[in-house]
1. Taking 45 Å as R0, compute the FRET efficiency from the Cβ-Cβ separation of residue 220 and residue 35 and round it to 0.05.
2. Would you mind computing, in nm to one decimal, how far apart the modelled labels at residue 159 and residue 107 are, each placed 7 Å from Cα along Cα→Cβ?
3. Let me check against my output: what whole-number percent is the relative contact order of region 127-240, with C-alpha pairs under 8 Å and at least 6 apart?
4. Which FRET efficiency value, to the nearest 0.05, is calculated for residue 121 and residue 186 with the Förster distance at 51 angstrom and r the Cβ-Cβ distance?
5. Rounded to the nearest 0.05, what FRET efficiency do residue 193 and residue 8 have when you use their Cβ-Cβ distance and R0 = 22 Å?
6. Note down the nm distance, to one decimal, between modelled labels 7 Å out along Cα→Cβ at residue 205 and at residue 114.
7. Given 0.36 nm per residue, what is the gain on full extension from residue 76 to residue 19 after removing their alpha carbon distance, in nm?
8. Ranked by Cβ crowding within 10 angstrom, fewest neighbours first, how are 8, 153 ordered?
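None of the figures in this text is laboratory data; all of them are computed from the coordinates on show. Quantities reported herein were computed from a predicted structural model and do not represent experimental measurements. Please note: Cβ atoms are built from the backbone with ideal geometry, for glycine as well, and neighbour counts cover all protein chains shown.
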């Protein structure tokens, strides 16, 4: 399968930072809130841009669990300092300071979070298979290929038969483009061809997911690689519709 062992380290974010941020996305995708502006990703965007003044009394003093999750993820990602007891706020407690905003991956983290917010603006919430596939489509549209893997792998682990095979194909397509974005043409080609095989007998549309278009994108990508072209992942216009 295209599991974590198939995934290369992110070229822009340390693994701990990438994993901390993706957990925020996964939390929002299963949330009952339908609005991206209400979720932990939105709080993380605000904290990274304007901590701690975005929150009255300081983010560290907040009792809002979503704020706390966002704050803790950014601390884990090395993008915010942990609590500083000398940094008082008007209502007591301590503030999270943006002293680490100069980390070399801060701009990449901000761009990733902005892409998450964009995906969340249209993606449905929930954890059933049809919803997960709809979420994956929004992530494909923004070339969030690692995140497609993270969203779909739990469903793959529970699936059987043709459903398991087709999920594996979709995940392997995402992993192929993850490799391509990192310049690994051989890994991209291997996973794209594996995905093509897994999806060969799949229906054109599956629970609303456009597998025919995905297969066509894989075919064009494989042909490009065979011709010696760049492994850059394609723009998946079908995913944005």
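1. Efficiency, rounded to the nearest 0.05: 0.80.
2. Reported label-point gap for residue 159 and residue 107 is 3.8 nm.
3. Value for region 127-240: 29 percent.
4. Once the sixth-power term is evaluated, E becomes 0.90.
5. Once the sixth-power term is evaluated, E becomes 0.80.
6. Each label point is offset 7 Å from its Cα along the Cβ direction, giving 3.4 nm.
7. Numbers: separation 57, 0.36 × 57 = 20.52 nm, distance 0.94 nm.
Full extension from residue 76 to residue 19 adds 19.6 nm.
8. 8, 153
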